[in-house]
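Peer 1: One structure, pasted below without further comment.
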Amino acid sequence: MAETMNPVLAKWYDEQEGLLRDWAKEIWSHPEIAMEEFHSCEVTAEIFRKNGFSVRTYHCKDPKLPPNTVIASWGSGHPVIGIIGEYDALNGLGQEAVPYISPKDGPGHGCGHALMSPACGGAALALKAVMEAEHLPGTVRFFGCPAEETVEGKVYMFHGGAFDGIDCCLAWHPQPKKWMIREDTQNCCSNLKVEFFGKSAHAASKPHMGRSALDACELTNVAVNYLREHVDPTTRMHYSYLAGGEAPNVVPKYAALHYFLRAKDLETDYEILERFRKIVRGAALMTETQYKITLNSMVTGCLQIDDFNDLYYNAQRKIPPLKYTEEDKAFADRLFAEFFGREPGPGDTVVNTELCAPTHQHLNAPQTTDAGLVANTYPTSRSVGLGVVNGVAGHSWAVVACAGSELGLKAAVYASKGLAQCAYEILKQPEKVEQWKRTLAGLKQGQDLTTIPPGTVLEEG
Ligand SMILES: [Zn+2]
């Protein structure tokens, strides 16, 4: 394999960089929250239609809603290379593309997903160009995935069969650090809605006639906070209130909680889930309320294939280095100073441009991804990093600002080239994919990785 980027790909990016930049700006300028990515979906689908892909759009969760999901394919036969991108924004994070806090109404791309569909989707378009030029057999399939932030989008897509038939999968995600393969395994997660149904009554004159759904929520949370001491240390249990009553002088007849129960493996996650269900039953018993537990989604961690990760890293190394102008660096310095409350010093890395080699260490990470089901079913390699000032907090104004600026746009193009080069190299050595499938099967041996489909009512009582 040559030591430099494929020349057809290089030419494609020279000619089409503007397309990727406009695509990213369009999604960034119209931020949409999870499950409502209607504009982002249409913009993405239209680009693929114009480029000769066969395109399917639909709403992954509710067929009555406009489409928020894109599946765009080109080519025929195997290997079928999947490339996944996302586009959802976060509520309340609207921010201008400036290096200081300047809020805008509405959501903002606080996780940088506006860069992902152009970077990952752009790689699919570039791959088509090289497949045509070199008459390479195989299929490239791009997935425009909604609702990553609620850990739901790819879960609905997966259970709906969206990924059926792919042979392997690639992705990139911007982050405030160097480029690296996401080698940690990430926690499994049960994402739950818990509802309690009581009886309303005047809270002062007839409280004995009421049964408080809010009390049931509070007792659930107290019990979970006691449970913390007696679970595996990798476990994370966190909650927020979806409803907690309307007024203090009315005993709340309805209250609801949103829970994430995360653990290092699926067996532990199921175990925590069982104990959680006992808590909910207990809270309902104590308060004489009814309850309903709905599983919004359940995801696994991500199994890792070192050989695939190495191939991806080596492909990215062939891409000409990511370069920023003095103006870009001044933007980054100002943002750094605003975010950290001090000017960057000589020891600070402000802008990331470097690559980290894979370590082949697969440590547990407490967070979760909805890509877990994909990664545990098909050989998958995902990279993260670049595009955001080093070290700033994820899901913050700083990420929104970077994703809308040159820092993000240039990183997206650079990352896209690496994805395309990697996919090209897979097409040149399809036997690798078969080898990775065998590795994945070996990693899964003896483990039951069956998850409960999203939207399942677990129990009521
Ligand atoms: Zn993200």
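The values are calculated or read from the model by the stated rules, or taken from the named source; none is laboratory data. It should be emphasised that the depicted structure is a prediction, and the values quoted were computed from it without experimental measurement. We place every Cβ from the backbone using ideal geometry, glycine too, and count neighbours over all the protein chains shown. Note: areas computed on protein heavy atoms with side chains; ligands, DNA, RNA excluded. Shrake-Rupley method; radii C 1.70, N 1.55, O 1.52, S 1.80 Å.
Peer 1: Report yes if some residue within segment 399-412 is open to solvent by 20 Å² or more (accessible area, probe 1.4 Å) and either within 16 Å of the ligand (Cβ to nearest atom) or assigned to a loop (DSSP other than H, G, I, E, B) (or both); otherwise report no.
Peer 2: First, pick out the residues of segment 399-412 that are open to solvent by 20 Å² or more (accessible area, probe 1.4 Å): 404, 406, 410.
Next cut, either within 16 Å of the ligand (Cβ to nearest atom) or assigned to a loop (DSSP other than H, G, I, E, B) (or both) only: 404.
Yes.
Peer 1: What's the number of the only condition in (1) more than 15 Å from the ligand (Cβ to nearest atom); (2) surrounded by fewer than 24 Cβ atoms within 10 Å (Cβ to Cβ) that Glu149 fails to meet?
Peer 2: So Glu149 meets the others, but not (1).
Peer 1: So is Thr369 part of a loop (DSSP other than H, G, I, E, B), of a type in the set (Val, Ile, Thr) and closer than 15 Å to Trp179 by Cα or not?
Peer 2: For Thr369, the condition - part of a loop (DSSP other than H, G, I, E, B), of a type in the set (Val, Ile, Thr) and closer than 15 Å to Trp179 by Cα - is not met.
Peer 1: Among the residues of segment 223-252, write down those that are of a type outside the set (Gly, Ala, Ser), over 30 Å from Leu363 (Cβ atoms) and buried (at least 17 other Cβ atoms within 10 Å of the Cβ).
Peer 2: Val251, Pro252
Peer 1: Just to be sure before I move on: is Leu115 outside any strand (DSSP E or B) and either more than 16 Å from the ligand (Cβ to nearest atom) or more than 21 Å from the chain's Cα centre (by Cα) (or both) in the structure I sent?
Peer 2: No; evaluated as a whole, the condition is false for this residue.
Peer 1: Counting only residues that are in a helix (DSSP H, G or I), in contact with a Lys or Arg (Cβ under 9 Å, 6 or more places away or on another chain) and open to solvent by less than 70 Å² (accessible area, probe 1.4 Å), how many does segment 174-222 have?
Peer 2: Selection size over segment 174-222: 1.
Peer 1: Scan segment 278-309 residue by residue and report those that are assigned to a helix (DSSP H, G or I) and open to solvent by 40 Å² or more (accessible area, probe 1.4 Å).
Peer 2: Hits for segment 278-309 are Lys278, Arg281, Leu285, Met286, Asp306, Asp307.
Peer 1: Which members of segment 43-70 meet the condition of being buried (at least 16 other Cβ atoms within 10 Å of the Cβ) and within 18 Å of Leu20 (Cα to Cα)?
Peer 2: The initial filter retains those residues of segment 43-70 that are buried (at least 16 other Cβ atoms within 10 Å of the Cβ), namely 43-45, 47-48, 51, 53, 55, 57-61, 67-70.
Once the filter is applied, which keeps residues that are buried (at least 16 other Cβ atoms within 10 Å of the Cβ) and within 18 Å of Leu20 (Cα to Cα), segment 43-70 yields Val43, Thr44, Ala45, Ile47, Phe48, Asn51, Phe53, Val70.
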